[in-house]
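Just below is one structure, and these are the notes that go with it.
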Amino acid sequence: MSTARHQSNRAWALWRTVLSSAFRTALACSIIGVATLYGPASFRNQVAFPAFSYVTAILVVTDATLGDTLHGIWLAIYASVQSLGPAMLSLWLIGPAKLSNGTTALAVALAGMIVVLPESTHMIAKRIALGQIVIVYVIGFINGDQTQPIMHPVHVAASTAVGMLACVLALLLPYPRLACCEVKKSCKLLEENGSERLKLLVKALCAEEKAAASGFISQAKLLNAAANKLHQSIKRLQGIMEWEKLPFKILRPYYVNSGEKLQEIETDLRGMEIALENVPSFPGGLMADGGELRDSLLKLQDHISLTIKQDKNFITVPESNADHVIKLFQTLQSVPQTHQDLPTFFFLFCMKLLHKTPPVVKSEPPISSEQNGFWTSCGLKTGRIKPALKFSLSLGFAVLFGLIYSKPNGFWSALPVAISFASAREATFKVANVKAQGTVLGTVYGVIGCFLFEKLLPIRFLSLLPWFIFTSFLRQSKMYGQAGGISAVIGAVLILGRKNFGPPSDFAIARIIETLIGLSCSIAVEFLFHPKRASTLAKIELSKSLETLHESINNMCLDPEHSSNHVGNQKSLKFHVSQLGKFIAEAEVEPNFWFLPFHNACYGKLLVSLSTMVDLLLFSAHGIGFLEAACRKASVNKLEGDLKLFKESIGSVIKYFGEITSIKSIAILDKELEKNNISYDLEKGTSPCPNEDEIDRILISFLQHSTEAVDQIQGIEGEEEIKSQMVLSLSALGFCMRTLTTETRKIEQGIRELVQWENPSCHVHLHEISCKIRALYG
């Protein structure tokens with residue numbers, strides 16, 4: 001019932017978010033419409049480009065808070081200085097009458113490149129600046145002698161300012177939509193979500209049969225998607241809250257950064273899920289011994305649920321609950337001797353992490369790209385030149401061919417390209433497709449609205465509200481996303497929110513064609529530059545992830561002085577796995593053309609295993625962190641020896657996998673061997689597959705030596721607490737070693753399947769491939 005109630009609340013929250021976003025967008029557009037259609041003539045003369053006012057407003061107000069709009073004002077000012085200042089000088093020196101199709105396209109391309117080249121500039125500022133560049137130069141060329149070199153850019157700036165002012169008013173009326181309040185609301189929902197998932201996971205551990213446990217686990221996983229969206233929302237809004245602090249000082253008590261705490265809770269809950277997925281039978285491990293432990297576990301669950309909310313809601317946790325927690329953990333005085341009991345101990349270890357904040361690690365991962373001195377200090381990187389050149393060519397060709405097709409409507413081909421600039425890689429063909437579809441949908445809706453309410457302008461504005469609601473759902477859909485949804489919004493607003501632009505049907509056809517010209521130019525430039533396909537980048541990132549995974553496993557160490565390196569590599573691994581996920585998502589929607597189809601199912605399984613290993617390495621770091629104090633009182637040399645054997649066994653396997661995925665094909669590898677007259681020996685070296693018996697022996701030895709280390713803690717202050725801490729930490733480390741081995745086998749199966757997919761005519765033998773690689777590259 002609780003899960004059903006949560007789903008109902010989630011559905012209502014989605015509708016509330018959609019309606020709020022649609023209302024704010026409609027209000028901003030209405031403010032622009034009233035001002036530009038019914039305002040004084042002198043005002044309307046200054047705001048000469050109401051279409052760009054609408055575009056600017058939609059770029060900023062969509063799913064925005066007041067902090068977004070205040071930040072947007074600064075970005076619009078920065079964009080205007082960056083684009084309109086040089087444009088004034090250029091138009092004054094050259095003269096609009098001397099512009100031609102080619103020189104206009106060149107001017108737009110050069111100005112666009114200057115805007116997009118710095119990496120530090122915010123994306124919204126770049127989009128506004130690029131849109132202003134298109135309007136200034138292209139319309140300046142279209143109007144010719146009538147264009148005033150100084151006042152024309154001023155009119156563009158005025159149109160931008162009206163759009164931004166409308167955004168601020170829309171976010172203030174009828175009451176401010178504050179980022180701090182949204183974060184507070186999201187944090188509360190996350191707390192409820194986390195408490196509900198914790199309850200379901202504890203029920204699963206205590207279940208009497210596997211079917212019941214599976215049901216509870218499935219219910220808990222259903223809540224994950226909502227939690228992920230809430231985390232993304234909080235992460236985005238925490239940076240925006242800074243813009244609301246100054247005008248709303250009274251609200252400063254609510255600007256509490258609880259995002260990191262809630263993210264740690266999410267990670268710990270994920271660890272509990274991993275533990276349950278590896279429980280061989282239910283009730284699991286210690287839970288089969290009796291009801292006393294279950295009662296203590298339920299009390300621990302209640303205690304954790306209260307502590308999750310303690311900092312935010314000033315709830316006082318009863319001391320009796322805290323006593324039960326201490327007694328529960330102090331009952332754990334011996335390390336399990338079989339791996340079947342390890343999942344239950346790891347589950348309790350994760351619950352202890354929920355109950356007690358883990359130690360802070362001081363090392364940061366060395367993730368950086370090569371930088372070039374002076375240019376880097378200016379916000380420029382050498383790697384930015386090619387993307388900037390590519391985008392400027394797309395923009396320039398869009399202007400050129402748009403003007404050749406229709407000079408009066410030429411700017412519509414470049415404007416969609418300008419305002420949809422993306423600083424990161426994107427699925428070019430999918431994005432172009434959804435933009436075209438969104439533009440057509442919005443334009444057709446606008447034409448129908450003009451046909452039905454031709455002489456009733458106020459009703460035409462009202463007809464935008466249901467469209468805004470519909471497009472809010474489009475923006476959240478996988479099919480259209482932000483690009484398609486915003487294109488649909490702009491398509492309708494540009495028709496229903498203006499007048500005196502000619503017959504709507506003629507304008508609609510002209511704009512659709514011009515938009516298609518601009519999108520076609522973007523795709524053509526992509527082909528021109530021969531970019532690396534997302535599937536190729538996914539394979540490269542898979543190799544990098546495996547290489548970093550190898551380093552992370554090799555840096556596992558019980559020595560406190562070297563444990564920080566382990567966490568640093570783990571964070572680097574998390575970055576690469578995240579990048580791999582992005583490339584996989586892009587490759588899934590990438591057209592195959594004449595290339596080999598992307599094996600998304602295989603990559604998906606590899607991504608799941610790598611993500612699990614990222615979590616396991618993080619938990620192993622936490623376990624080692626808890627051991628630091630206790631290990632000073634016990635000898636851990638034998639444990640270090642076991643851990644070293646484990647790293648050598650698993651690490652070498654992961655290294656081979658990375659090498660195997662880095663080759664282009666088996667045929668090319670064989671040609672290289674033949675060309676260099678190199679032979680290989682299958683008997684040399686070991687198989688790249690983890691030896692299960694060897695890993696089991698290492699794990700059994702690790703558990704035995706763990707017991708010896710715990711038994712050394714005798715006759716000292718806080719003996720029970722230190723022992724229980726060592727038991728949980730060593731058991732968690734043993735579980736991580738065991739599960740890392742399991743996931744390594746899954747990766748081995750995935751690599752074999754992937755190599756076979758890429759080499760269908762070859763018999764794939766991973767050990768043979770690894771021998772060939774070692775023979776060729778040493």
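The values are calculated or read from the model by the stated rules, or taken from the named source; none is laboratory data. Computed from a prediction, not measured in an experiment: that's the story for all the values here. Don't worry about glycine lacking a Cβ; one is built from the backbone with ideal geometry, like all the others, and counts go over all protein chains shown.
What the table shows:
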item: Pairs where the first residue, in segment 586-607, is under 23 Å from Ala432 (Cα atoms) and free of Cβ contacts under 8 Å to residues at least 24 places away in the same chain and the second is assigned to a helix (DSSP H, G or I) and acidic (Asp, Glu), C-beta under 9 Å, 6+ apart; result: Asn600/Glu588
item: Subset of segment 377-403 (residues that are modelled with pLDDT under 60 and exposed (fewer than 15 other Cβ atoms within 10 Å of the Cβ)); result: Ser377, Cys378, Gly379, Thr382
item: Lone qualifier among Leu728, Leu740, Leu733 - being at pLDDT below 90, in a helix (DSSP H, G or I), closer than 23 Å to Met556 by Cβ and in the same structural domain as Leu596 (by TED's automatic domain parsing); result: Leu728
item: Checking Ile240 against (1) touching a Gly at 6+ places or on another chain (Cβ under 7 Å); (2) within 22 Å of Thr307 (Cα to Cα), the condition it does not meet; result: (2)
item: Residue within segment 50-73 that is touching an Asp or Glu at 6+ places or on another chain (Cβ under 8 Å) and surrounded by fewer than 16 Cβ atoms within 10 Å (Cβ to Cβ) present; result: no
item: Single match in Ala488, Ala508, Ala483 (criterion: in contact (Cβ under 8 Å) with a residue 60 or more places away in the chain and over 26 Å from Tyr38 (Cβ atoms)); result: Ala483
item: Residue within segment 551-563 that is buried (at least 24 other Cβ atoms within 10 Å of the Cβ) and in a helix (DSSP H, G or I) present; result: yes
item: Inter-residue pairs, beta-carbon under 7 Å, first closer than 16 Å to Ile509 by Cα and in segment 412-440, second at pLDDT below 90 and assigned to a loop (DSSP other than H, G, I, E, B), 6+ apart; result: Lys435/Ser420; Gly438/Tyr480
item: Test: residue in segment 73-94 that is at pLDDT below 90 and not in a helix (DSSP H, G or I); result: no
item: Residue within segment 690-699 that is at pLDDT below 80, surrounded by 14 or more Cβ atoms within 10 Å (Cβ to Cβ) and within 28 Å of Lys638 (Cβ to Cβ) present; result: yes
item: Where a residue in segment 697-716 is small (Gly, Ala, Ser) and its partner, wherever it lies, is not in a helix (DSSP H, G or I), with Cβ under 9 Å and at least six apart; result: Ser706/Val335; Ala709/Val335; Ala709/Ala634; Ala709/Ser635; Ala709/Val636
item: Filtered residues of segment 454-475 (kept if surrounded by fewer than 17 Cβ atoms within 10 Å (Cβ to Cβ) and of a type in the set (Val, Ile, Thr)); result: Ile459
item: Residue that is closer than 30 Å to Ile459 by Cβ, in a loop (DSSP other than H, G, I, E, B) and out of contact with any Phe, Trp or Tyr (no Cβ under 6 Å at 6 or more places or on another chain), where the choices are Ala28, Ala35, Ala48, Ala57; result: Ala48
item: Residue within segment 467-484 that is closer than 23 Å to Asp63 by Cα, of a type in the set (Lys, Arg) and in a helix (DSSP H, G or I) present; result: yes
item: Qualifying residue in segment 646-666 (condition: closer than 20 Å to Leu733 by Cβ, surrounded by fewer than 15 Cβ atoms within 10 Å (Cβ to Cβ), modelled with pLDDT of 85 or more and not aliphatic (A, V, I, L, M)); result: yes
item: Candidate set: segment 498-550, residues that are of a type in the set (Asp, Glu), at pLDDT 90 or above and surrounded by fewer than 23 Cβ atoms within 10 Å (Cβ to Cβ); chosen: the one nearest to Gly658 (Cα to Cα); result: Glu547
item: Per-region count, segment 637-667, residues touching a residue at least 40 places away in the same chain (Cβ under 8 Å) and not in a helix (DSSP H, G or I); result: 2
item: Close pairs from segment 261-284: first surrounded by 23 or more Cβ atoms within 10 Å (Cβ to Cβ), partner assigned to a helix (DSSP H, G or I) and acidic (Asp, Glu), Cβ under 7 Å, at least 6 apart; result: Gly271/Asp615
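Matching residues to (1) modelled with pLDDT of 80 or more; (2) in contact with a helix residue (DSSP H, G or I) (Cβ under 7 Å, 6 or more places away or on another chain); (3) farther than 15 Å from Ile513 by Cα; (4) not assigned by TED's automatic domain parsing to the domain that holds Ser30:
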{"residue": "Ser413", "(1), (2), (3), (4)": "yes, yes, no, no"}
{"residue": "Pro416", "(1), (2), (3), (4)": "yes, yes, no, no"}
{"residue": "Ser420", "(1), (2), (3), (4)": "yes, yes, yes, no"}
{"residue": "Asn433", "(1), (2), (3), (4)": "yes, no, no, no"}
{"residue": "Gln437", "(1), (2), (3), (4)": "yes, yes, no, no"}
{"residue": "Thr443", "(1), (2), (3), (4)": "yes, yes, no, no"}
{"residue": "Glu454", "(1), (2), (3), (4)": "no, no, yes, no"}
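This table checks each residue for (1) surrounded by 15 or more Cβ atoms within 10 Å (Cβ to Cβ); (2) within 30 Å of His339 (Cβ to Cβ); (3) not polar (S, T, N, Q).
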| site | (1), (2), (3) |
| --- | --- |
| Lys723 | yes, yes, yes |
| Thr739 | yes, yes, no |
| Arg745 | yes, yes, yes |
| Gly750 | yes, yes, yes |
| Leu754 | yes, yes, yes |
| Glu758 | yes, no, yes |
